[in-house]
1. Which FRET efficiency value, to the nearest 0.05, is calculated for T217 and T125 with the Förster distance at 25 angstrom and r the Cβ-Cβ distance?
2. Taking a probe of 1.4 angstrom, what is the accessible area of M116 in Å², to the nearest 10?
3. Run the simple label-point estimate for S244 and D334 please: 7 Å along Cα→C-beta, distance reported in nm.
4. Taking the Cβ of D180 as the center, what net charge do the other residues with Cβ under 11 Å away carry, scoring Lys and Arg +1 and Asp and Glu -1?
5. Using only DSSP helix segments of four residues or longer, with each worth -39500 (n - 2.57), what per-residue ellipticity at 222 nm results for the chain after dividing by its residue count and rounding to 500?
6. Calculate the FRET efficiency for A237 and A15 from the Cβ-Cβ distance with a Förster distance of 25 Å, rounded to the nearest 0.05.
7. Can you give the net charge of the other residues whose Cβ lies under 13 Å from the Cβ of A135, counting K and R as +1 and D and E as -1?
8. What does the charge count near A288 come to, summing +1 for each Lys or Arg and -1 for each Asp or Glu among other residues with Cβ under 14 Å from its Cβ?
Amino acid sequence: MTATATSTPPAEASAPTQLTMAGALNAALRDAMSVDDRVVVYGEDVGPLGGVFRVTDGLHAAFGDDRIWDSPLAESGIIGTAIGMAMYGMRPVVEMQFDAFSYPAFEQMVSHVAKMRNRTKGRVTLPMVVRIPCAGAIGGVEHHSDSSESYWASTPGLTVVMPSNPADAYSMLREAIDSDDPVVFMEPKSRYWSKAPLALPVTTAPMDRAEVVREGTDVTLIGYGPTVRTALEAAEAAAAEGLSIEVVDLRSLSPFDDATVGASVRKTSRAAVIHEAAQFGGYGAEVAARVTERNFHHLAAPVLRIAGFDIPYPSPKLEEYHLPTADRVLAALDTWEWDA
């Protein structure tokens, strides 16, 4: 197959329909493959089956074996071949079937994907996307429910993003595929079936920007992926008690949007970050440190972290006690000293 882009014009926006996040991701892949012959998709069971979560449903029938195929159960090989394809002008989009399944590819990701542009002084780029279904709340066990974002976000050279809603899922995946740099595209599994009215194609904010998704004046709650919903639920419950909470959806974990987060924190003077991963060494530690370093004189209280417990991911029967909830968020906010 010739590695050239087609000249198909962008599609006109459709009438709004209820679309799940999985459906939005599917549409993003379909549209990207339609306009650019260089885009190929592969991974475990992504072909005729359509993926475990049906994100690639129907794509094999539409584009055939040359554009989308099932790989062996070898994550290091999936990433290694994607590196070679990207070096030679393709735009591979590969899937790590579950978050913890990506660990055998860690060396390829950290030693080669993240470093190739720097190693070659910018002469070789790797326009590739690594899709990683992540996080819990689906009744899965340990290797199917990890939150591995800190590993990737702490690796210079990788762009790491995580949408929380269908519109961002579509827009950010299209942008990630168009990027000339490698993108780790993390997809919160518990949000695959969330729905929203959507007219495609849709373009939301650039994928490296955070967004304020609820205005408030008293507290800034910072979430990403699955915990944006948790933050919004906490904000709604707090409003009934007279507490005004602003919610910021990070969207991009690396790079970090200091400007948007900082502006919110300086307005409210209090901040807390929510994530499913264990608290110790989790991504929230970096968020808390950055917020504190850059906004210390505007803070009325320490930055809080509401996270999963410092344990391996529990069994399905216990995960509801492990994951952050709106009640846990509000209980954490109550630990601050508030002016009478």
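1. Working: r = 44 Å, r/R0 = 1.75.
FRET efficiency, T217 to T125: 0.05.
2. 20
3. Those two pseudo-labels are separated by 2.4 nm.
4. On the way: positive: R91, R117; negative: D178, D181.
Combined, the nearby Lys, Arg, Asp and Glu give 0.
5. On the way: 11 runs with 104 residues, N = 340.
Helix-only estimate at 222 nm: -9000 deg cm²/dmol.
6. Working: r = 35 Å, r/R0 = 1.39.
According to the calculation, E is roughly 0.10.
7. On the way: positive: K189, R191, R229; negative: D99, E142, D146, E149, E187, E276, E319.
Computed value for this residue: -4.
8. Details: positive: R270, R290, R294, R305; negative: D258, E286, E293.
Here the count lands on +1.
The values are calculated or read from the model by the stated rules, or taken from the named source; none is laboratory data. Note that this is a predicted model, so its numbers are computed, not measured. Positions of Cβ are backbone-derived with ideal geometry, glycine not excepted, and every protein chain shown enters the neighbour counts. We work out accessible area using only protein heavy atoms, side chains counted, and drop any ligands, DNA or RNA first. Shrake-Rupley method; radii C 1.70, N 1.55, O 1.52, S 1.80 Å.
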